[in-house]
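The values are calculated or read from the model by the stated rules, or taken from the named source; none is laboratory data. Nothing here was measured: the structure is a model prediction, and the numbers come from that model. Neighbour counts are summed over all protein chains in view; Cβ atoms, including those assigned to glycine, are modelled from backbone coordinates with ideal geometry.
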Amino acid sequence: MPVRPPDYPAAKASARISPTSVSASSAASPDQPTPLLGNLTPSQFMRRYWQKKPFLIRHAIPDIVAPLARDELFELADQDDVESRLITHFRSKWQLEHGPFAADELPSIKQRAWTLLVQGVDLHNDRARALLDRFRFVPDARLDDLMISYATDGGGVGPHFDSYDVFLLQVHGKRRWRIGAQRDLSLQPGLPLKVLQHFEPEDEWVLEPGDMLYLPPHIAHDGVAQGECMTCSIGFRAPSTSELAAQFLYYLAERGEAHASPNGSALYRDPQQAAVERPAELPPALVDRVGAILAKVDWSDKDVSSFLGTYLSEPKPSVVFDPPERPLDEARFIRRAMKEGVRLDRKTVLLYDSRSYYLNGEESRLADVKNWVIELADNRSLSAKRFVTLSPQSSMTALLHEWYRAGWIQTGELR
């Protein structure tokens with residue numbers, strides 16, 4: 001792998017991309033026009049474009065700066081719990097390597113045509129999380145992560161398509177995008193990444209900082225850096241039907257809720273099985289019997305909702321919560337929260353339905369905590385004033401203190 005020269009001027013390079021924070025901002029109300037969506041309301045955007053057609057938005061976030069400086073991103077890519085990839089296109093040959101990458105394992109920024117992709121940046125940086133929160137006009141259950149793509153001049157990942165919705169927000173430098181709604185999605189064989197074999201672009205734009213391009217699934221696209229650039233990709237979960245079906249059946253079986261018979265734990269029996277000449281042949285009676293058992297599997301809407309809540313709030317395997325090094329006892333925690341408020345940790349996922357709330361993959365009854373859990377889930381924080389109002393509820397303060405000790409919430413309002 002090409003390596004960065006040992007005299008690489010890290011301090012000077014990091015100054016080129018300002019680490020100025022992206023201000024935390026909750027998503028606009030569904031019927032409020034917003035520059036983020038070209039002065040459409042979120043409701044209008046969802047009706048006209050979501051999963052329907054591409055949408056180019058100039059000046060979506062004016063005066064945007066990258067959530068991370070370049071060297072901060074490189075440092076993040078060197079961590080074991082961060083998913084990162086290096087894609088190079090040197091001498092017309094595509095190569096892909098997976099991180100972590102030490103400082104001397106990345107090519108020089110003076111070398112053309114390489115890209116560093118860092119996934120889940122919102123899990124590690126508050127400014128990235130604040131940027132991701134601007135897109136909460138789409139349900140949290142669909143929101144996945146914020147990836148940052150750093151590229152030198154000519155860098156890209158080749159013409160490809162995604163199976164999920166994505167907002168491509170330019171945060172530094174320029175990138176030329178070409179897109180097309182082609183039907184031929186065949187891939188070039190023998191490559192380490194998915195590159196379209198026959199790319200047929202229909203539109204082309206150069207995006208500058210603050211510009212954004214929305215693409216629904218399966219729209220072919222190719223982005224090439226014009227000089228050094230950074231692009232934030234806000235992606236959305238789109239599990240396949242086979243994945244959902246497999247996980248749901250596992251969920252039912254794990255909880256003993258596949259209501260196939262009054263005695264769901266009964267063992268398979270075959271008292272009429274005859275002796276066989278072909279012992280390796282699958283017995284037709286076994287196939288018929290298991291088919292009949294599966295046909296009787298039953299579930300309710302509550303089962304589906306509970307499955308989705310726990311499945312979609314489950315942290316990714318790489319996520320590790322950091323409990324406070326010196327946790328406050330409950331009394332001191334309450335006093336601090338009454339002054340500073342509380343907020344969900346950037347890694348925490350909190351969802352709810354009419355019966356339950358789902359915190360990091362665990363389901364609990366909503367009825368007793370409805371007056372504050374819904375507010376915390378939707379706003380990802382409780383203000384100090386609101387905490388004071390709710391603090392006489394000892395069950396609430398005890399539960400929030402428990403979450404604080406686990407690292408699921410922090411004191412202090414969103415910044």
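Numbers for the structure displayed
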| item | result |
| --- | --- |
| Subset of the stretch 172-219 that is of a type in the set (Phe, Trp, Tyr) and buried (at least 17 other Cβ atoms within 10 Å of the Cβ) - its residue that is nearest to the chain's Cα centre (by Cα) | Tyr214 |
| Failed condition for Ala406, given (1) at pLDDT below 95; (2) among the aliphatic types (A, V, I, L, M); (3) under 23 Å from the mean Cα position of the chain (by Cα); (4) within 20 Å of Thr310 (Cα to Cα) | (1) |
| Test: Leu131 is crowded, with 19+ Cβ neighbours inside 10 Å and either under 20 Å from the mean Cα position of the chain (by Cα) or assigned to a strand (DSSP E or B) (or both) | yes |
| Residue match in the stretch 388-400 (condition: in contact with a Phe, Trp or Tyr (Cβ under 9 Å, 6 or more places away or on another chain) and under 23 Å from Tyr251 (Cβ atoms)) | no |
| Any pair with Cβ under 8 angstrom, 6 or more apart, that starts in the stretch 335-350 at a residue that is more than 15 Å from Glu413 (Cβ to Cβ) and ends at one that is in a helix (DSSP H, G or I) and not small (Gly, Ala, Ser) | Lys347/Leu123; Val349/Leu312; Leu350/Val373; Leu350/Leu376 |
| Qualifying residue in the stretch 202-222 (condition: in the same structural domain as Ile87 (by TED's automatic domain parsing), closer than 21 Å to Leu86 by Cβ and not β-branched (Val, Ile, Thr)) | yes |
| Yes/no for Glu314 being within 19 Å of Leu359 (Cα to Cα), free of Cβ contacts under 8 Å to residues at least 60 places away in the same chain and of a type in the set (Asp, Glu) | yes |
| Of all residues making up the stretch 357-387, the number that are in contact with a helix residue (DSSP H, G or I) (Cβ under 9 Å, 6 or more places away or on another chain), surrounded by fewer than 20 Cβ atoms within 10 Å (Cβ to Cβ) and hydroxyl-bearing (Ser, Thr, Tyr) | 1 |
| Residue tally, condition assigned to a helix (DSSP H, G or I) and touching a residue at least 24 places away in the same chain (Cβ under 8 Å), over the stretch 317-334 | 3 |
| Close pairs (6 angstrom Cβ cut-off, 6 or more residues apart or separate chains): assigned by TED's automatic domain parsing to the domain that holds Ala220 in the stretch 38-55, assigned to a loop (DSSP other than H, G, I, E, B) and of a type in the set (Ser, Thr, Tyr) anywhere | Phe55/Tyr49 |
| Residues that are acidic (Asp, Glu) and assigned to a helix (DSSP H, G or I), drawn from the stretch 399-413 | Glu402 |
| Qualifying residues in the stretch 95-128 (those that are assigned to a strand (DSSP E or B) and surrounded by fewer than 17 Cβ atoms within 10 Å (Cβ to Cβ)) - the one nearest to the chain's Cα centre (by Cα) | His98 |
| Some residue of the stretch 264-286 being in the same structural domain as His172 (by TED's automatic domain parsing) and acidic (Asp, Glu) | no |
| Every pair of residues 6+ apart whose Cβ atoms lie under 7 Å, when the first sits in the stretch 144-155 and is buried (at least 24 other Cβ atoms within 10 Å of the Cβ) while the second is of a type in the set (Lys, Arg) | Tyr150/Arg70 |
| Arg386 being farther than 16 Å from Asp140 by Cα, part of a helix (DSSP H, G or I), of a type in the set (Lys, Arg) and in contact (Cβ under 8 Å) with a residue 60 or more places away in the chain | no |
